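*Asks:* Starting off with a structure, shown below.
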Amino acid sequence: MATYPSSHPNPAAQTEPPKPWFAQFALVAIILLGIAVGVFAVAAVTTMYAADDARDEAKAVAAQVAGGRQAAPAASTASHDHATDHNTALPLTTFAGVVPENAAELAEAHTPYDAALKPVPAGDLVKVHMTLKDMTVEVAPGVKYNTWAFDGHGAPGPVVHVRQGQTVEMTLTNGGAIPHSIDFHAARIAPNVAFRDVAPGDSFTFRFTAGDPGVFMYHCGTKPVLAHIANGMYGAIVVEPKAGLPPADNEYVLVASEWYLNGDGITKPASLDMAKARAMMPDWTTFNGYANQYVTHPLTADPGETTRFWVVAAGPTLDTNFHVVGTILDRAWVNGDMSQYQRGVQTVLVPAGGGAVFDVKIDGEGLYPFVSHAFAHVDLGQVGLLKVGSPEGTMTH
Ligand SMILES: [Cu+2]
């Protein structure tokens, strides 16, 4: 340090006459300044050493991660060799927004998932039979993905529509390569009995009474559930309240979900990247399984009509913040609680594994986007259009 120790006065000072007060003050100030400089120097040196330590530690962690990446693939989702599971190693590669050059053409040619809610079947018993298949579908224009599909046409599975009090008889036939199951959130039933694994080639039937109204998720509950849902094993069941709802002119079902790809899916189909699923880093987010499909092929309403959206967020992990641009939700049955609704709300959270119902009455012609207002999701494809009337300058579908 560059200061005089306070206990050892400068010998030269003893031979000099006493200094005036301001000179003494200046001396004290210089000493204090010197101490401060010294402290700063020590801190700087310490910081340098700390930075070196941090770099060494980061290198060590990086080495561990690199080792983990080499070791982990053996633990891959055993059922699918082409799936990728490098544990939670970073960095992860994103394929967000990667589409072939003719994507616009392909999006036009795509047949959108039919979002229109079908009528409730007659009778007290509604029989539902799904035959599961492993199949390749598109999740975005030109982006192919190897799904485990509940009923032979990709994700989501078919919409089940019943009235409160009806009994659902569910038969699952497993046409896939590994065991699967089906878990209905609308059911009050022992899961170890009803939601049990069904072996490849087998069928299993169970019944439940749809006693609670709302819109509910169903999904495969076989472990690891994250992988089974991420591979497309989800859908919606709409349970109409026995007492009915205010009338709606159009009713659409939207199942929100996200996809985690281990490749771009363009030259060859992608499969699940479990590390990205764990890290919640989707490549695509969708309504009804295909990015932006209702932008190219809008849902429709006439001016002055009430449109009802039955929305499920299938995840597997991410919520959906439902919002319709250019209007306000006239009725929002939050969390699918059909006993009451909120009026005049802008955005409602639909949690992963949850559902909600929304009415909008729109008078003015135009294109009204419906989105998850967590805007990364819009960027990744969870957006559609409600076309009200025949606004000029738009394509008709
Ligand atoms: Cu499954």
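*Asks:* Go through Val120, Val162 for me and flag whichever is among the aliphatic types (A, V, I, L, M) and open to solvent by less than 10 Å² (accessible area, probe 1.4 Å).
*Replies:* Details: Val120 fails: open to solvent by less than 10 Å² (accessible area, probe 1.4 Å).
After ruling out the rest, the residue left standing is Val162.
*Asks:* So which pairs qualify, if the first residue must be in the range 210-225 and in contact (Cβ under 8 Å) with a residue 40 or more places away in the chain and outside any strand (DSSP E or B), the second must be of a type in the set (Ser, Thr, Tyr) and within 12 Å of the ligand (Cβ to nearest atom), the Cβ gap must be under 9 Å, and the two must be at least 6 apart or on different chains?
*Replies:* Cys220/Ser181; Cys220/Tyr234; Gly221/Ser181; Thr222/Ser181; Pro224/Thr77
*Asks:* Let me ask something additional. Applying the selection to the range 143-164, what residues are touching a strand residue (DSSP E or B) at 6+ places or on another chain (Cβ under 7 Å), part of a loop (DSSP other than H, G, I, E, B) and away from the ligand (no atom under 14 Å from the Cβ)?
*Replies:* Gly152, Gly154, Pro158, Val159, Gln164 - these are the residues of the range 143-164 that are touching a strand residue (DSSP E or B) at 6+ places or on another chain (Cβ under 7 Å), part of a loop (DSSP other than H, G, I, E, B) and away from the ligand (no atom under 14 Å from the Cβ).
*Asks:* Quick one: how many residues across the range 200-225 are more than 9 Å from the ligand (Cβ to nearest atom), under 18 Å from the mean Cα position of the chain (by Cα) and closer than 30 Å to Gly123 by Cβ?
*Replies:* Residues in the range 200-225 being more than 9 Å from the ligand (Cβ to nearest atom), under 18 Å from the mean Cα position of the chain (by Cα) and closer than 30 Å to Gly123 by Cβ: 3 in total.
*Asks:* Go through Thr317, Thr327 for me and flag whichever is closer than 24 Å to Tyr260 by Cα, part of a loop (DSSP other than H, G, I, E, B) and modelled with pLDDT of 95 or more. Break it down into steps so the answer makes sense when it comes.
*Replies:* Numbers: Thr327 fails: closer than 24 Å to Tyr260 by Cα.
That would be Thr317, the only listed residue that is closer than 24 Å to Tyr260 by Cα, part of a loop (DSSP other than H, G, I, E, B) and modelled with pLDDT of 95 or more.
*Asks:* To continue, here is another question. Taking the range 257-278 as the region of interest, how many residues are over 13 Å from Ala230 (Cα atoms) and of a type in the set (A, V, I, L, M, F, W, C)?
*Replies:* Narrowing the range 257-278 to residues over 13 Å from Ala230 (Cα atoms): 263-269.
Still in the running and of a type in the set (A, V, I, L, M, F, W, C): 266.
Number satisfying all stated conditions: 1.
*Asks:* Can you tell me which residue is surrounded by the most Cβ atoms within 10 Å (Cβ to Cβ) among those in the range 226-240 that are within 8 Å of the ligand (Cβ to nearest atom) and over 14 Å from the mean Cα position of the chain (by Cα)?
*Replies:* Checked the range 226-240; the qualifying residue surrounded by the most Cβ atoms within 10 Å (Cβ to Cβ) is Met233.
*Asks:* Return the residues of the range 305-342 that are open to solvent by less than 30 Å² (accessible area, probe 1.4 Å) and of a type in the set (A, V, I, L, M, F, W, C); say none if nothing qualifies.
*Replies:* Phe309, Trp310, Val311, Val312, Ala313, Ala314, Phe322, Val324, Leu329, Ala332, Trp333, Met338
The values are calculated or read from the model by the stated rules, or taken from the named source; none is laboratory data. Only a predicted model underlies this, so the values are computations on that prediction, with no experimental measurement involved. Please note: Cβ atoms are built from the backbone with ideal geometry, for glycine as well, and neighbour counts cover all protein chains shown. Heads up: the accessible areas ignore ligands, DNA and RNA and are worked out on the full protein's heavy atoms, side chains in. Shrake-Rupley method; radii C 1.70, N 1.55, O 1.52, S 1.80 Å.
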